[in-house]
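Student: For reference, the structure I am asking about is given below.
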Amino acid sequence: VLFRSFLHLRGHWDEAIKSGEQAQVAACELKNDAKVSRFKGAVGLIRWRRGEYEEARRLYEEALAISKRLEGTKSVAVCLHRLGMLAKDQGNLEEARRLCEESLEISQALKDHFNIGQTVWGLGNIALKQGDVKEAEELLKKSLSIFTDLNDLVNTAGVLHQLAAVAKRQGDLNEARRLYGDSLKMAEMLGHQNVIAAASRNLGQLVNEQ
């Protein structure tokens with residue numbers, strides 16, 4: 001699992017998918033449905049990152065069905081959140097918000113702070129897409145606080161990047177540049193290729209705009 005996460009973080013998606021699919025086969029042979037669900041979700045996450053939305057949806061929905069059958073409440077929350085993010089990227093913002101709020105309710109009941117942070121971040125992204133910049137900023141700062149408390153540098157880098165987008169939308173280009181820079185430094189330290197690419201691109205655009 002750690003090796004697959006390492007590959008995903010550094011953008012080695014083909015290898016990560018292959019590792020995840022091999023793990024699914026092994027879990028099926030062992031009749032370990034909980035792990036089958038987990039590995040389907042992991043591969044679905046990479047498919048989503050690559051823009052393969054229909055395949056990601058199939059995997060998420062299969063993982064959700066297994067988790068519900070096993071009454072795996074935490075994994076249900078994770079699957080709902082991921083389906084919400086997929087709906088956001090496909091432009092179905094109301095459905096995205098509904099799924100994320102359902103996920104958040106479960107995670108709050110479980111006091112699962114990691115998934116709370118993830119889902120609040122997702123709701124902040126949805127609010128930004130819906131044009132509610134104030135709500136987006138409030139939610140993203142809440143998510144940042146959670147990940148900072150958890151000492152989760154990977155997600156902290158991601159939320160900083162999103163807060164930079166909020167600052168840019170508000171017209172505060174200096175703050176946006178600072179936040180993109182902080183995100184980039186953290187991502188470079190971690191080898192987080194997705195954030196490195198996005199932050200570098202957005203910093204370049206800011207320089208051109210100023």
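Student: Determine Rg/Rh for the chain; Rg is computed over alpha-carbon atoms and Rh is the Kirkwood hydrodynamic estimate from the same atoms.
Tutor: 0.98
Student: Something else: Across bins of 10 angstrom width beginning at 0, how are the C-alpha pair distances of region 92-175 distributed, in whole percent?
Tutor: 20, 49, 28, 4
Student: Also, I was wondering about something else. Looking at the P(r) of region 14-71, how many percent of alpha-carbon pairs lie beyond 16 Å?
Tutor: For region 14-71, the share of Cα pairs beyond 16 Å comes to 38 percent.
Student: If the cut-off is a Cα-Cα distance under 22 Å, which lysines reach K185, setting aside same-chain residues fewer than 8 apart in sequence?
Tutor: Those lysines meeting the cut-off are K141, K142, K168.
Student: Going from most exposed to least, what order do D14, D149, D172 have by accessible area with a 1.4 Å probe?
Tutor: Correct descending sequence by accessible area is D149, D14, D172.
Student: Here is a further query. Separation between the Q205 and T73 pseudo-spin-labels, each 7 Å from Cα along Cα→Cβ, expressed in nm?
Tutor: 4.1
Student: Which lysines have a Cα lying under 29 Å from the Cα of K31, excluding residues fewer than 8 positions away in the same chain?
Tutor: Leaving aside lysines fewer than 8 places away in the same chain, those within reach of K31 are K18, K40, K68, K74.
Student: Can you run phi through the Karplus equation (6.51, -1.76, 1.60; θ = phi - 60°) for region 137-151 and list ³J(HN,Hα) in whole Hz, with x for Gly and Pro?
Tutor: Calculated HN-Hα couplings, in order: 4, 4, 5, 5, 5, 5, 4, 4, 4, 5, 5, 5, 4, 7, 6 Hz.
Student: Not counting ligands, DNA or RNA, and with a 1.4 Å probe, what is T73's accessible surface area in Å² rounded to the nearest 10?
Tutor: T73 exposes around 70 Å² with every protein chain in place.
Student: First measure r as the distance between the Cβ atoms of K111 and E15, then evaluate 1/(1 + (r/R0)^6) with R0 = 35 Å and state the FRET efficiency to the nearest 0.05. Intermediate values should be presented prior to the final figure.
Tutor: Working: r = 35 Å, r/R0 = 1.00.
The pair K111/E15 has a calculated efficiency of 0.50.
Student: For region 150-210, restrict the atom set to alpha-carbon positions and state the Rg and Dmax in Å.
Tutor: Rg then Dmax for region 150-210, in Å: 10.9, 36.
Student: What nm value, rounded to one decimal, do you get for the distance between N32 and A197 when each label is placed 7 Å out toward the C-beta?
Tutor: 3.2
Student: Ignoring ligands, DNA and RNA, how do M85, M189 rank by accessible area with a 1.4 Å probe, largest first?
Tutor: Of M85, M189, the descending order of accessible area is M189, M85.
Student: Net charge near A199, counting Lys/Arg +1 and Asp/Glu -1 over other residues with Cβ under 13 Å of its Cβ?
Tutor: +3
Student: Under 17 Å Cα-Cα from K129, which aspartates and glutamates qualify once same-chain neighbours fewer than 8 residues away are excluded?
Tutor: D89, E94, E95, E101, E137, E138
Student: Could I ask something else about it? Would you please report the Å³ per residue occupied by the convex hull of the alpha carbon atoms in region 48-154?
Tutor: Spelled out: Cα convex hull of region 48-154, divided by residues, is 96 Å³.
The values are calculated or read from the model by the stated rules, or taken from the named source; none is laboratory data. What you are looking at is a predicted structure, and each value in this text was computed from that prediction instead of being measured. Cβ atoms come from the backbone with ideal geometry, glycine included; neighbour counts cover every protein chain shown. In case anyone asks, the SASA skips ligands and DNA or RNA and just uses the protein heavy atoms, side chains included. Shrake-Rupley method; radii C 1.70, N 1.55, O 1.52, S 1.80 Å.
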